[in-house]
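Reviewing the structure listed below.
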Amino acid sequence: DVVADLKAKMEHFREQGCRQVILDPGFGFSKTLEQNYELMNGLAAFHELNAPLLVGISRKSMIFRLLGTSSAESLEGTTVLNTIAMLAGSHILRVHDVRAAVEARTILEELDKTKA
């Protein structure tokens, strides 16, 4: 379980005096397509670790393999998953296409401002 592994590492870092840690759940690293999407669905669980959450899914194989495209053709899929990550509370996105990520963030911020 990724959350449990990172929790143990966070405790170790804090015991060693490290106070500033950014969590990266490691999309694409030794994970199947299904495991990557399970991880995406479980992003909210990382908030219990009380550290900023970084999501790096830009142009990952979990997008282009699912869609039958290439890495270079995965902007739309990347934007969808970046939006989902932001809705789940991700603090930092690692992206290749900055403009698309900024536009998605701008729209989400406007939606948040206009909530009833």
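The values are calculated or read from the model by the stated rules, or taken from the named source; none is laboratory data. Note that the structure is predicted; figures quoted are calculated from it, not measured. Cβ placement follows ideal geometry from the backbone for every residue including glycine, while neighbour counts extend to all protein chains displayed.
A few comments on the model shown:
- Remark: pairs (first residue in the stretch 95-115, at pLDDT 95 or above; second residue basic (K, R) and not in a helix (DSSP H, G or I); Cβ separation under 6 Å; 6+ apart in sequence or on different chains) = H96/R59.
- Residue check, S61 touching a Gly at 6+ places or on another chain (Cβ under 8 Å) and hydroxyl-bearing (S, T, Y): yes
- Residue among G17, G26 that is under 27 Å from L66 (Cα atoms) and not aromatic (F, W, Y): G26
- Identity of the residue in the stretch 1-14, touching a helix residue (DSSP H, G or I) at 6+ places or on another chain (Cβ under 7 Å) and not basic (K, R), that ends up nearest to R65 (Cα to Cα): V2
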